[in-house]
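Engineer: Here it is: the structure, laid out below.
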Amino acid sequence: MLVPVPGGNWNDPALIAERKRTTNRRVAVSGSIVGLITTIIQLIVTATFFVASEYLGPDDIGLIVLAMLILFFGPIVVGVGWISSFVVSLIACIQAHSQTDRTQPDGWTEAKMPTSALLAASIVLGIPTVIMYATLIEAAESDSDRLINGTLGPMTVFWAVVQVLLTVGYIYLLRRITALDASVSPRSTSEGEPQ
């Protein structure tokens, strides 16, 4: 059994809630950082595809090998980032909506919107890359001249625009989440007496 330290408020509900909020904010920040890094990797993969399909010729063998490596390993890294971002964002959203604190019975109101938006962004995070590779596979199977002639260029620009929008969204969410105040205003206890 834990014995309280004399003069310390180790079991103060407000301090417990502040510790939970600080942990929640850290989890949400790490989820947005993972998402931001994943969107940047997606942009690198998309830019590599655009450059490789539009500007590299048979003389650029070294750059073609580098582009092929990026195009091969890029989706794997994006997939790992997508799953990691989703799991961490889900944990942050559940923590922000938790209603177990005695001092804040409705959860952390200020964090509900940013963590919910973070969860929504993490759900759609990898979709541009999945669509891009599905389109590439379909184009490669149906008509190889389509890839050689570079008609996928406009589609690549569209994927890049979506990924830039995701990057801007993650930067905005990261700023919102880091600005959250973890302090708790004391409310009345269960006995009805103000703290």
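The values are calculated or read from the model by the stated rules, or taken from the named source; none is laboratory data. Since this is a predicted model, take the numbers as computed values, not measurements. FYI the Cβ positions are ideal-geometry reconstructions off the backbone, even for glycines, and counts take in every protein chain you see. The protein model used for the area step is the full one, side chains on, heavy atoms only, and it has no ligands, DNA or RNA in it. Shrake-Rupley method; radii C 1.70, N 1.55, O 1.52, S 1.80 Å.
Engineer: May I ask you to rank Tyr133, Tyr170 by accessible area, largest first, using a 1.4 Å probe over the protein chains only? Don't skip to the end; give the middle numbers.
Structural biologist: Working: Tyr133 45, Tyr170 0 Å².
Order by accessible area, largest first: Tyr133, Tyr170.
Engineer: Compute the length gained on full extension between Ile16 and Ile44: take 0.36 nm times their separation in residues and subtract their Cα-Cα distance, giving the result in nm to one decimal.
Structural biologist: Difference between extended and current length: 5.8 nm.
Engineer: Classify segment 36-97 as rounded, prolate or oblate from the Cα gyration tensor: take a ≥ b ≥ c as the square roots of its eigenvalues, call it rounded if a/c is under 1.5, otherwise prolate when a/b beats b/c and oblate if not. Mind showing how you got there, number by number?
Structural biologist: Numbers: a/c = 6.07, a/b = 3.56, b/c = 1.70.
Here segment 36-97 falls in the prolate category.
Engineer: Under the Karplus relation 6.51 cos²θ - 1.76 cosθ + 1.60, θ = phi - 60°, what is the ordered set of whole-Hz ³J(HN,Hα) values for segment 59-67, x standing for Gly and Pro?
Structural biologist: 7, 8, 5, x, 5, 5, 5, 4, 5
Engineer: Assuming R0 = 35 Å, what is the FRET efficiency of Val87 and Thr135, from their Cβ-Cβ distance, to the nearest 0.05?
Structural biologist: Computed FRET efficiency for Val87 and Thr135: 0.80.
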